[in-house]
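Have a look at the structure below before the remarks.
Read-outs: derived from the displayed coordinates by stated rules, not from any lab. In this text, all values refer to a predicted model and were calculated from it rather than measured experimentally. Glycine gets a Cβ as well: all are built from the backbone with ideal geometry, and neighbour counts include every protein chain shown.
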Amino acid sequence: PGTLHVVATPIGNLGDLSPRALETLRTVAAVCAEDTRHTRQLLSHFGLERPLVALHQHNEDAQAAQLVARLQAGESLALVSDAGTPLVSDPGYRVVRAARAAGIRVSPVPGACAAIAALSVAGLPSDRFAFEGFLPAKGAARRERLSRLAAESRTLLFYESAHRIDEALEDMAAAFGPQRPAVLARELTKLFETVLDGTLAGLLAKVQADPNQRKGEFVVVVEGAGDDADARLAEGKRLYAKLAEHLP
Ligand code: SAM
């Protein structure tokens, strides 16, 4: 049988595609991609042209069976997503599960991942961390999720898009306390890469003051709750309520 190569692609800077990733993409029978147009552009930038198979949330189960059949017939395939590491807030896990269940070798070609890149520059405790991915889009569900994380002692990593970054920071400040240390990593490896640190309230103020800081893609890194979390949270909530009186 062939091998399913799970290949990380850049999160912005094309220089981050590894030589081994290039070699793998050059030699596989086909590349399974989240968005074939996007991946065709990436491949053509490197002078590669490979057959592409579309793989997204809605067809993953159906595609998995066909892909496993191709692997069993001896073809090797690559799995990529639009950016970074497949399966990390991206499609792919059903295909990987199906391949493993069929006894196919699944081998990683590691590379960029926005969460790990953010953690590596945040300067917050990194020995234990929890990746939370995207928060729910709806306000009530988002606040509920955050309230359940308020006592978490590990460093927390969140993905966020430009549409909701201020709402997310606002809800985090309310749930974790405005004084909780945090880092906002924006547009990593890209032209407007910015890494801001401070407290949740401080970051919210920076983002609200400068529309440019609301553009692009974000990772929010939040320090975990300390032992004195309850006391700090109570104090934070008190300050926040006071502050809220002066907000429009
Ligand atoms: N699989 C990807 C990875 O390994 O990081 C993540 C894909 S997820 C659909 C996209 C989200 O990742 C964005 O909304 C943002 O939160 C984060 N992200 C991706 N690229 C980024 C970058 N260059 N800088 C900051 N965050 C980024």
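A few notes on this one:
- Selection within region 61-95 - among the β-branched types (Val, Ile, Thr), more than 12 Å from the ligand (Cβ to nearest atom) and under 24 Å from residue 159 (Cα atoms): 95
- Scanning region 163-187 for residues that are at positive phi and either touching a Leu at 6+ places or on another chain (Cβ under 7 Å) or crowded, with 24+ Cβ neighbours inside 10 Å (or both) yields one hit, 177.
- Among the numbered conditions (1) touching a Ser or Thr at 6+ places or on another chain (Cβ under 8 Å); (2) among the β-branched types (Val, Ile, Thr); (3) within 17 Å of residue 1 (Cα to Cα), the only one that residue 24 does not meet is (1).
- Per the conditions (1) without any contact (Cβ under 8 Å) to a residue 12 or more places away in the chain; (2) within 10 Å of the ligand (Cβ to nearest atom); (3) not small (Gly, Ala, Ser), the sole criterion not satisfied by residue 58 is (2).
- Leading residue by the ranking (nearest to the ligand (Cβ to nearest atom)) among those in region 103-126 that are in a helix (DSSP H, G or I) and without any contact (Cβ under 8 Å) to a residue 60 or more places away in the chain: 116
- Scan of region 134-148 for residues that are outside any helix (DSSP H, G or I) and within 16 Å of the ligand (Cβ to nearest atom), ordered by number: 134, 135, 136, 137
- Conditions (1) in contact (Cβ under 8 Å) with a residue 40 or more places away in the chain; (2) out of contact with any Gly (no Cβ under 9 Å at 6 or more places or on another chain); (3) not polar (S, T, N, Q); (4) not in a strand (DSSP E or B); number of the one not met by residue 131: (4)
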